[in-house]
Structures are given as structure tokens and as C-alpha cells.
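Before any comments, here is the structure.
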Amino acid sequence: MEFLVGSVWAAAFAIGVAAFGCGIAQGIGLNGAMSGISRNPEAAGKIQVNMLIGLALIESLCIYALVVSMIILFVHPAIGPAVAALAGH
């Protein structure tokens, strides 16, 4: 049961760090794109396309962390008895 608690903490920490890092990275990327558009408005189309691709790639990293966290939680062999014990069955 202690290993299960550690797995839950690890999953929560992993998704927390990933979400924090992705939020910071997206803010920095958006800042760079907006400053580039303000300096050169004619290049706004190319900058926006590249910004959206970059933001999608950054967001995919957070989704990967979520998938790994779900795997840590739900593939654990002790999750069935733990959920049954919490549900009262």
C-alpha cells in the first residue's frame, strides 16, 4: 500500500511539474511571437503559424506527462484492491 501512495504522489508531482513548465514555456513563446509581430506586422501570418505549431508541441509534452501519470496510477497491480477498499466493497 505504501508503494501505491508513493505512485500517487509521483504521478501528481509529475503532472504538476509538467503543467508548470508548459505554462511557462507557452508564456515565453507567446511573448516572443507578440513582440515579433509588433516589430514587423507584415510577418504576422508566418509568426502566428510557427507560434501555433510551437504551442501545440509544448502542449503535447504536458499531455505526454498526463499519459505517463495515468499509466503510473492505473497499471499498478495494487490499484484494484485499493479502489475496492476505498469504495467499501
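Please work out the ratio of the alpha-carbon Rg of the chain to 2.2 N^0.38 Å and round it to two decimals. Working shown, then result.
Working: Rg = 19.7 Å, N = 89, 2.2 N^0.38 = 12.1 Å.
The reported ratio for this selection is 1.63.
Residue separation of Ile53 and Met34 scaled by 0.36 nm, minus their Cα-Cα distance, works out to 5.3 nm of gained length.
For a paramagnetic label modelled at 7 Å from the Cα of His76 toward its Cβ, which residues of segment 1-19 fall within the zone defined by backbone nitrogen distances under 11 Å? Correct set: 1-12.
Tell me, what is the per residue accessible area of the chain in Å², probe radius 1.4 Å? If you can, show how the numbers build up before the last one.
Working: 6330 Å² over 89 residues.
About 71 Å² of surface per residue is accessible.
Distance between the pseudo-spin-label points of Ala12 and Ala87 (7 Å out from Cα toward the beta carbon): 2.2 nm.
Counting charges near Ala33 (Lys, Arg +1; Asp, Glu -1) among other residues having Cβ under 13 Å from its Cβ returns a value of +2.
The values are calculated or read from the model by the stated rules, or taken from the named source; none is laboratory data. None of the values given here were measured: they were computed from a predicted structure. Here Cβ is always computed from backbone atoms with ideal geometry, including for glycine, and neighbour counts include all displayed protein chains. Areas reflect the complete protein model, heavy atoms only, side chains present, ligands, DNA and RNA absent. Shrake-Rupley method; radii C 1.70, N 1.55, O 1.52, S 1.80 Å.
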